[in-house]
Each structure stands twice: as structure tokens, then as C-alpha cells.
1. Got a number for residues in segment 97-123 being assigned to a helix (DSSP H, G or I) and more than 17 Å from CYS152 (Cβ to Cβ)?
2. Just one of the numbered conditions (1) of a type in the set (A, V, I, L, M, F, W, C); (2) in contact with a Lys or Arg (Cβ under 9 Å, 6 or more places away or on another chain); (3) over 27 Å from ARG36 (Cβ atoms); (4) open to solvent by less than 50 Å² (accessible area, probe 1.4 Å) is not true of ILE91; which one?
3. How many of the residues making up segment 110-135 are under 30 Å from LYS93 (Cβ atoms) and not acidic (Asp, Glu)?
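The values are calculated or read from the model by the stated rules, or taken from the named source; none is laboratory data. Since this is a predicted model, take the numbers as computed values, not measurements. Cβ: placed from backbone, ideal geometry, glycine included. Neighbour counts: every protein chain shown. For accessibility, only protein heavy atoms count, side chains too; no ligands or nucleic acids. Shrake-Rupley method; radii C 1.70, N 1.55, O 1.52, S 1.80 Å.
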Amino acid sequence: MAAPAVKAARGWSGLTLGVRSVVLRLPGITQVRWSRYGPEYRDPQIDKEYYRKPLAELTEEEKYDRELRKTQHIKAAPAMKTSSVFEDPLISKFTNMMMKGGNKVLARSLMTQTLEALKRKQFEKYHAAPAEEQATIERNPYTIFHQALKNCEPVIGLVPILKGGHFYQVSGHGRESWTKIDSFPGTRNCQDLIICVP
């Protein structure tokens, strides 16, 4: 009596293993939570230099990768990634910190207006200056923005030090990684940043 039940149980266990292996091979089902794309999708290549390289200069591996990209599925590029020459990660970070209530369109337009105002102001200085001084006037708003952020960076910051089981905040020189980010909160709006312009 027990023998047929054992045979049936073995048959069902073999069936579940077969179903599991079929399910794992399905391209639409992924193990990653909240993933929109399956494992067969490749990451997008947004670097223009990758595509500008002539075929004669490519290695065999790069040629194979390019041929493979023609037939494989590719994920959509994230909205914050772009191949534009005007894309600047520091300006994107500043725009995100300036944004209120998720209104990124307004934050971007304010940032664009600020960069435009900087450029207009610099061109007015350029045309009003004598010919000898015109070469020293910076007219690129992106360079001016980076210089303004560098001027706003804190020189000294608080560093946590462990003494006797307690952490104490002691002043010390700021590290490169957090001085850029710490310069943002003091310059949440563009008017504060214009004050930092040299």
C-alpha cells in the first residue's frame, strides 16, 4: 500500500523539478525584485566615443560586442543620463538639491535662467572692458558655476572622533568627497550662488 504512494510522490517531485527548470528558463521572469527588464537585456551605452571609433581601430572583442548589440535587447537609458555635451553631473546634482516638491522642470528652468544671466553679465563685462583685459574675462557659465561652488566649499568641517566610547565632533580639514556636497546646502537657490561668483 505504501509503495504506490511513494512512487506517486517521486513522480510528483520529478514533475516539480521539471516545472521549476522550465520556469527558470523563461525570459520574462526574473529573480530581481522590481526589475522592469529581464536578464537578457543589456545596459545602454550612452558614451558617444564608443560609437565614433572607426571599425578599423576596433579589437576583435569590441567588434563582437557591437555585432551582439545589434541583435540583443537593450534597456532604456535612465532619464538622468544623457550623451549631450552640455550634461554636467555637478549641475544635475545642484538642480536636484534645488528642487522642491518634485518640480524638476521648474528647477531646471531656474538653473538655465541663472546660467544665461551669468553669461549675459560676463559678456557685458567683456564688451565694456579694454582690449587688454578682455582675454582675462571668463565667459563660459559652466566654468563660472564650478568656480563659484569651489568658493562656497567649507575649508574646515566637523570630523567624528571616538574617545572613551563616545563620538566627539572635532573640527578638521574637509575631505574632497564631502566638501562639494556640503557647499550645496548653503547655496540652495541660484541667488546665493551668484554671490559666490568671483
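1. Here the count works out to 16.
2. Exception for ILE91: condition (2).
3. Looking only at that region, the number is 15.
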